[in-house]
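Quick note: the coordinates plus some simple rules give every number you see, no bench work behind them. What you see is a predicted model; the values in this text were computed from it and never measured. In this analysis, Cβ positions are derived from the backbone assuming ideal geometry, glycine residues included, and neighbour counts consider all displayed protein chains.
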Amino acid sequence: MIRFRSRRLVAGLAVAALSLAACGGSSSKSTTASGGGGSTPAQLPVGSRVLKLAFNANMQVPDPDIFYEVEGNEVTTSVYEGLVRYKPDSPEIEGALADSWTVSPDGTTYTFKLHPGVKFHDGTEMNAKSWQADFKRRTQVNSAPAYMLADVTSTAAPDPLTFVVHLKQPVSPFLDYLAAPYGPKAVSPAILTAHAGSDFAQNYLKDHDAGTGPFTISKFTTDVGYELTRFDGYWGTPKPYFEKVEISIIPDITTQRLKLEGGEIDMMIHGLPIADVESFRTNNKFVVHDFPVLLKTVVATNPHKGPFKNRELAKALRTFFDKAAIVKEIYQTQANVSTQMYPVQNLPLDLAKDTDVLDTSALTNLAKSLPSSDKNIDFAYSQDEGGTLPRLAEVLAAKLQSAGFSVKVRGLPIAEVFDLPNHPEKAPDLLLWTFNPDAAHPDTWVRIFMNSAGAINYLKCSDPAADAAMDKGLRSVTKADVQKYYGQAGDILAASGCFITLADNRELVVARKGLTGFVHQLPTAYTIRLKDLKEG
């Protein structure tokens, strides 16, 4: 079984910047002020095409075999490329550095035909042998993303443009691993050799790059920011319009907004409260871009201590919250309720449903029969979500209090949330959180968060029957079987009362008017494809 390691997410994740998706929605939208005036800016002259952005916090090192966060995907996905990638706002996979691929009927051999003429930033050639070195290096570094290659037994390069991967057993999300923002990337073997040191060039790649992407890293300064420079030898189309991308580290969202309004940065990728986003919708100098993204808000119940050790209470919780009304209250008109156990577009809408007829009486009646000592609920929320989760937690707590419970609400720092599986004695009775999977495949969501052995199944709530269904889905070789087994796992988990899904989040990006070419990919949160952006 593939094991997932905990992803380190920066504490600045802010779902206050997001609205929620209609279930299964895949379209992106842009809104400007009605009746907005102003002409579209002219194309900038060569030599002055600089795009300015801001991050809320430092990113991890840009080494693609180590990087495993959300903040910083703008950098790593602009500098490095994989064999395949996701189509915009879709779970479908298309070629990137591979033009085509085939999979053996037993699901254990993948053969990729590589795009000819691709150069690394150092001028050397990308070919099948370079991909052999890249797969080997990821395993040697053995950092968090290495799990994606755990079932690889060998690779081959029968000719310069043919790369073959052999697995010891079928892995249904394998192509999704390769398409994921954290998937294996092309890294120049020449640079890896020249700067190998004793750590497989990790020291060099902590502030340099060795990719094939449309940009190269020209500056990387912790606490200050980063600079990307257009790679004029880039193989793909379109060629980048912007010659440089300057990224500043600005933790304060208000400061970022002032800089956006003053023209010092060109867009805000995340972090704006909903009210601020709405004000930008009525400002004809800006455009609000709206994309689906794999971020989901969930309440987890603790089966090991507290009131929800009584699993009948946990199951009654499924029908207790008027999810649609609560999501609308918190997110106003921008909200839609989650109706599946998985993030949007992981499975067809008729599978793994998390919908029930509202019935507040079941939990209320059960609460009446409890002694006072069993009515105390420790309700925690992850503090990485800005102002949205605290408010949402208070609303949910008020509903529980109306049913006769005594609820204490507290925030947990993100580091403590991730450490809960190691310290179950510190775990709350209910936990509210919003996180993302690694890829647009159901296994990368349900196994990491909801499997008995899930690395960040925070409250260790699971069901052995769901685990078994996940394992069958993992080893399936047909799309129909993958959907069937993960659908079964979702049904079992929904019935268990372990998890109550609330919302599928949408990504909101606010940009100055005149900036166009926005391309977004489902699993790559807080990231716009920089090479496609242009003026006018």
Rounded to the nearest 10 degrees, the helix 464-474 long axis (Cα) sits at an angle to the longest Cα principal axis of the chain of 20 degrees
Under the Karplus relation with 6.51, -1.76 and 1.60 and θ = phi - 60°, whole-Hz ³J(HN,Hα) for region 78-92, x at Gly and Pro, equal 8, 9, 10, 9, x, 5, 9, 7, 7, 5, x, 6, 9, x, 6
Peptide ranges 510-518, 395-403 listed from the most packed, as the mean C-beta count within 10 angstrom indicates = 510-518, 395-403
Values of log10 I(q)/I(0), in the order q = 0.10 Å⁻¹, for the chain under a Debye, Cα-only, solvent-free model | -0.81
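Grab the other residues whose beta carbon is less than 9 angstrom from that of Gly225, score K and R as +1, D and E as -1, and report the net.
Details: positive: Lys219; negative: Asp223, Glu227, Glu246.
Neighbour charge sum, excluding Gly225 itself: -2.
Given the peptides 210-218, 279-287, 129-137, 369-377, arrange them by the average over their residues of other C-beta atoms within 10 Å, most packed first.
Details: 210-218: 24.9, 279-287: 17.3, 129-137: 20.2, 369-377: 12.0.
Packing order, densest peptide first, comes out as 210-218, 129-137, 279-287, 369-377.
Could you tell me the relative contact order of the chain? Use alpha-carbon pairs under 8 Å, at least six residues apart, and round to a whole percent.
Working: 1256 pairs, mean separation 134.4, N = 536.
Relative contact order, the chain: 25 percent.
Taking Rh as the Kirkwood radius, which is the inverse of the mean 1/r over Cα pairs, what is the Rg/Rh value for region 122-254?
Dividing the radius of gyration by the Kirkwood radius yields 1.00.
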Residues with amide H under 5 Å from that of Ala96, placed H, sequence gap 5 or more | Val84, Arg85
Which value results when the Cα radius of gyration for region 363-509 is divided by 2.2 N^0.38 Å?
-> 1.15
So who's got an amide H within less than 5 Å of the one on Ile377, skipping anything under 5 residues away but keeping other chains? H placed 1.01 Å off N, in plane.
-> Ser406, Val407, Lys408
Amide H proximity to Lys52 below 5 Å, modelled H, separation 5+ or other chain, gives Glu246, Asp266
For the His166, Val46 Cβ pair and Förster radius 41 Å, calculated FRET efficiency rounded to 0.05 is 0.30
Using Cα pairs closer than 8 Å and at least 6 residues apart in sequence, work out the relative contact order for region 293-506, in percent.
-> 36 percent
Sequence order, region 51-67: Karplus ³J(HN,Hα) from phi using 6.51 cos²θ - 1.76 cosθ + 1.60, θ = phi - 60°, Hz rounded, Gly and Pro as x, gives 9, 10, 10, 9, 9, 6, 7, 4, 8, 5, 4, x, 4, x, 8, 10, 4
Just order 314-321, 353-360, 89-96 by mean Cβ neighbour count inside 10 Å, highest at the front, would you?
-> 314-321, 89-96, 353-360
Expressed to two decimals, region 276-395 has a Cα Rg over Rh, using the Kirkwood radius, of 1.03
Compute the distribution of all C-alpha to C-alpha distances in region 279-341, in bins of 10 Å from 0, and list the percent of pairs in each, rounded to whole numbers.
-> 16, 34, 28, 13, 8, 2
Please turn the phi angles of region 475-481 into ³J(HN,Hα) values with the Karplus equation 6.51 cos²θ - 1.76 cosθ + 1.60 (θ = phi - 60°), one per residue in order, whole Hz, x for glycine and proline.
-> 9, 6, 10, 10, 4, 4, 5
